[in-house]
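The values are calculated or read from the model by the stated rules, or taken from the named source; none is laboratory data. Note that the structure is a prediction, hence the values are computed from the model and not measured. Cβ atoms come from the backbone with ideal geometry, glycine included; neighbour counts cover every protein chain shown. These area figures cover heavy atoms from the full protein model, side chains too; ligands, DNA and RNA do not enter into them. Shrake-Rupley method; radii C 1.70, N 1.55, O 1.52, S 1.80 Å.
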Amino acid sequence: MPDAHEGSLPPEGSLPPEGSLPPEGSLPPEGSLPPEGSLPPEGSLPPEAERARGSAGRELVLMVAIGLLSLGVTWAVTVGLTEGAGLDERASYPIALVLASTLNFFACRHLIFEATDDGLGAQALRFASSIIGFRIAEFAVYAGVVSAGADYQVTLVAIAAVSFILKFLVAKFLVFRAAGAR
């Protein structure tokens with residue numbers, strides 16, 4: 001029985017009929033295609049996706065900047081109250097945390113995530129409940145490590161560094177995401 005494709009293939013070494021290939025130069029040069037699974041070129045996505053892709057990097061950079069500012073405020077207030085006012089470092093740190101948390105909320109709302117569509121009270125409640133959880137954990141670790149004899153300034157910086165990534169993710173995906181996405 002003859003093969004169903006027999007006679008339908010061009011003879012070996014022959015070219016396809018003219019006009020069946022794309023014009024020369026219309027295909028990208030070999031090896032110039034992006035690897036499978038890579039991001040499409042900038043400007044090739046719908047506008048919403050382009051904004052989302054660009055905003056993640058921007059948000060992270062701003063979060064780092066505000067985080068460093070917040071760390072500076074926390075450090076300055078803790079050291080100032082401990083060294084200058086003679087307050088025990090376990091008492092001065094929570095005061096500094098309240099000030100830094102307030103700064104962080106308004107920076108996240110207005111600068112980092114630009115999420116002012118949702119009501120101030122609703123966002124403040126979500127932010128406060130997430131931050132209270134973080135701050136309780138941070139303070140418990142801080143108090144335990146400092147009580148064990150570690151330097152309070154080094155401990156403060158180490159705790160801030162470790163909790164940064166988790167706070168960013170919670171803020172981005174739970175606290176400040178678009179109201180309709182919840």
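The single condition from (1) part of a helix (DSSP H, G or I); (2) within 30 Å of G57 (Cα to Cα); (3) not aliphatic (A, V, I, L, M) that E83 fails is (2). Checking the stretch 163-178 against the condition returns a match, with at least one residue being more than 16 Å from M63 (Cα to Cα) and open to solvent by 50 Å² or more (accessible area, probe 1.4 Å). Only one entry of A76, A52 meets the criterion of being at pLDDT below 60, assigned to a helix (DSSP H, G or I) and of a type in the set (A, V, I, L, M, F, W, C), and that entry is A52. The set of residues in the stretch 142-162 that are within 24 Å of the chain's Cα centre (by Cα) and either surrounded by fewer than 16 Cβ atoms within 10 Å (Cβ to Cβ) or among the small types (G, A, S) (or both) comprises V157, A158, A160, A161, V162. Restricting F173, F164 to those that are over 22 Å from L71 (Cβ atoms) and among the aromatic types (F, W, Y) reduces the list to F173. Has the stretch 107-128 got any residue that is surrounded by 12 or more Cβ atoms within 10 Å (Cβ to Cβ) and among the hydroxyl-bearing types (S, T, Y)? Looking through the stretch 107-128, none of the residues is surrounded by 12 or more Cβ atoms within 10 Å (Cβ to Cβ) and among the hydroxyl-bearing types (S, T, Y).
For the stretch 130-139, indicate whether the set of residues that are under 11 Å from F176 (Cβ atoms) and either open to solvent by 50 Å² or more (accessible area, probe 1.4 Å) or in contact (Cβ under 8 Å) with a residue 40 or more places away in the chain (or both) is non-empty. So far as the stretch 130-139 goes, yes, one or more of its residues are under 11 Å from F176 (Cβ atoms) and either open to solvent by 50 Å² or more (accessible area, probe 1.4 Å) or in contact (Cβ under 8 Å) with a residue 40 or more places away in the chain (or both).
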